[in-house]
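Just below is one structure, and these are the notes that go with it.
The values are calculated or read from the model by the stated rules, or taken from the named source; none is laboratory data. Owing to the predicted nature of the structure, the values given are computational and were not obtained by experimental measurement. Cβ placement follows ideal geometry from the backbone for every residue including glycine, while neighbour counts extend to all protein chains displayed.
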Amino acid sequence: MSEADLGALFVTLRLAFATTIILLLIGTPLAWWLSRTRSRAKPVIEALVALPLILPPTVLGFYLLLLLSPARFPGSLIYDLTGYSLAFTFSGLVIGSVLYSMPFVIQPLQNAFSGVRQETLEVAATLGASPVDAFRSVVLPMVRSAYITAAILGFAHTVGEFGVVLMIGGSIPGETQVLSIAIYDHVESLEYAQAHTISGILFLVSFILLFLVYTGKRKSGMMRL
């Protein structure tokens with residue numbers, strides 16, 4: 001791999017780690033709320049969360065580019081307050097990746113939380129546990145495998161992103177150029193050997209991550225039996 005490709009690898013890993021951590025932090029309370037609420041707004045929120053599963057990534061990337069641009073709100077407000085434009089920056093990539101990878105983290109957590117019986121929480125409450133204590137000491141150990149699955153899927157999906165990151169970040173070496181874009185640039189330049197190397201690495205990494213997910217699910221199912 002060339003120096004530019006190594007830079008793209010660093011940007012990709014940095015983006016994937018940042019996106020996964022942010023999604024786990026904001027996805028936990030949202031997934032918990034979706035698993036317990038009876039609000040009429042629930043189908044709307046679920047549809048918004050799942051939208052990236054069927055929405056073309058270039059569509060999401062296009063509208064995010066408009067919103068993050070200094071020419072339009074809220075990008076104009078951010079620029080006026082900070083003098084900083086989020087379009088074609090790493091921070092803009094993080095925002096786009098968080099939105100695009102959201103269902104891959106929130107849905108596994110929501111499904112796991114839905115399996116926690118209300119009686120379990122009531123027993124914890126009778127023993128003096130606050131809602132936060134019950135969640136930390138009772139719920140989290142029960143859904144540990146779901147967190148592993150959510151983290152792996154969120155990380156892997158971010159690594160494989162193309163349309164969203166291309167629209168928001170372009171291909172700035174060392175700043176917004178990720179591995180998927182580096183492959184595209186190599187193919188455009190007829191550098192098939194370099195594209196093959198990066199593609200092979202991503203193929204292998206994707207397979208390993210999915211293998212870990214399905215292995216974890218199998219072990220979790222055997223433990224429940």
| query | Can you name every residue in region 152-162 that is modelled with pLDDT of 90 or more and surrounded by fewer than 19 Cβ atoms within 10 Å (Cβ to Cβ)? | reply | PHE162
| query | How many residues does region 153-192 hold that are hydroxyl-bearing (Ser, Thr, Tyr), part of a loop (DSSP other than H, G, I, E, B) and more than 14 Å from ALA16 (Cα to Cα)? | reply | 2
| Only one of (1) under 18 Å from ALA112 (Cα atoms); (2) touching a helix residue (DSSP H, G or I) at 6+ places or on another chain (Cβ under 7 Å); (3) at pLDDT below 95; (4) of a type in the set (Val, Ile, Thr) is not met by THR58, so which one is it? | (1)
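For region 186-195, state whether one or more residues are among the β-branched types (Val, Ile, Thr), in contact (Cβ under 8 Å) with a residue 40 or more places away in the chain, closer than 27 Å to LEU209 by Cα and surrounded by 13 or more Cβ atoms within 10 Å (Cβ to Cβ). If you could, list the steps in order and put the result at the bottom.
Applying the first criterion (among the β-branched types (Val, Ile, Thr)) to region 186-195 yields 187.
From the residues that got through so far, the ones that are in contact (Cβ under 8 Å) with a residue 40 or more places away in the chain too are none.
No.
Out of SER91, SER101, I need the residue that is at pLDDT 90 or above, touching a His at 6+ places or on another chain (Cβ under 6 Å), closer than 30 Å to LEU212 by Cβ and not in a loop (DSSP other than H, G, I, E, B). Which one? If you could, list the steps in order and put the result at the bottom.
Details: SER91 fails: touching a His at 6+ places or on another chain (Cβ under 6 Å).
Selected residue: SER101, the only one of SER91, SER101 that is at pLDDT 90 or above, touching a His at 6+ places or on another chain (Cβ under 6 Å), closer than 30 Å to LEU212 by Cβ and not in a loop (DSSP other than H, G, I, E, B).
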| Yes/no for THR176 being touching a Gly at 6+ places or on another chain (Cβ under 7 Å), farther than 26 Å from GLN110 by Cα and buried (at least 17 other Cβ atoms within 10 Å of the Cβ) | yes
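Before we move on, is PHE113 more than 30 Å from TYR184 (Cβ to Cβ), aromatic (Phe, Trp, Tyr), assigned to a helix (DSSP H, G or I) and in contact with a Lys or Arg (Cβ under 8 Å, 6 or more places away or on another chain)? Can you show your working first?
Values: more than 30 Å from TYR184 (Cβ to Cβ): yes; aromatic (Phe, Trp, Tyr): yes; assigned to a helix (DSSP H, G or I): yes; in contact with a Lys or Arg (Cβ under 8 Å, 6 or more places away or on another chain): yes.
For PHE113, the condition - more than 30 Å from TYR184 (Cβ to Cβ), aromatic (Phe, Trp, Tyr), assigned to a helix (DSSP H, G or I) and in contact with a Lys or Arg (Cβ under 8 Å, 6 or more places away or on another chain) - is met.
So how many residues does region 85-113 have that are over 15 Å from ILE168 (Cβ atoms) and either in contact with a Ser or Thr (Cβ under 7 Å, 6 or more places away or on another chain) or not aliphatic (A, V, I, L, M) (or both)?
Counting residues in region 85-113 that are over 15 Å from ILE168 (Cβ atoms) and either in contact with a Ser or Thr (Cβ under 7 Å, 6 or more places away or on another chain) or not aliphatic (A, V, I, L, M) (or both) gives 8.
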